[in-house]
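Asker: Before we start, here is the structure in question, set down as structure tokens.
FYI, it's all coordinate maths here, none of it is from the lab. Keep in mind the model is a prediction, meaning the values are calculated, not measured.
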């Protein structure tokens, strides 16, 4: 919960690259991927997000990526956009581990968004 609050405040006053640089530990690119552990981290982040005001999908994805990196598990943040009602632009962030969505929605929901950026783990 404290990490989520820290990410939320960081994103309020700084940029995504700056927050990631400050919080994201390096992960070996060839690190083993434990999708089960990644899903547990995702569940924990989702639960904690209920206690942090305005913990957006981006806030949750960054916190999840940081927690996974601390465990030596590489993960990617994917950002996407789609047209909403009345042609408004909607954005969404989700977290991928071994190319599987572990946080931020199911594959059908995420398919509605056109990917625009991907932020991988910090490499050693």
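Asker: When averaged across all projection directions, what area in nm² does the alpha-carbon convex hull of region 2-123 cover?
Answerer: The directionally averaged projection comes out at 7.5 nm².
Asker: Additional query: To test your reading of the geometry: what angle, between 0 and 90 degrees and rounded to tens, separates the Cα axis of helix 2-13 from the longest principal axis of the chain?
Answerer: 50 degrees
Asker: Right, something else. So what is the diffusion coefficient of region 54-123 in µm² per second by Stokes-Einstein at 20 °C and 1.002 mPa s, using a Kirkwood Rh over Cα pairs?
Answerer: Roughly 173 µm²/s, to the nearest whole number.
Asker: Region 32-49 to region 14-31: how many Å between their Cα centroids?
Answerer: About 17 Å separates the Cα centre of region 32-49 from the one of region 14-31.
Asker: Give the angle, between 0 and 90 degrees and rounded to the nearest 10, that separates the Cα long axis of helix 57-70 from the longest principal axis of the Cα atoms of the chain.
Answerer: 10 degrees
Asker: Moving on to the next point. So between residue 13 and residue 83, what do we pick up on full extension, going 0.36 nm a residue minus the alpha carbon distance? Working shown, then result.
Answerer: On the way: separation 70, 0.36 × 70 = 25.20 nm, distance 2.69 nm.
Taking residue 13 through residue 83 to full extension adds about 22.5 nm, to one decimal.
Asker: So what's the angle, to the nearest 10 degrees on a 0 to 90 scale, between helix 35-49 and the longest Cα principal axis of the chain?
Answerer: 60 degrees
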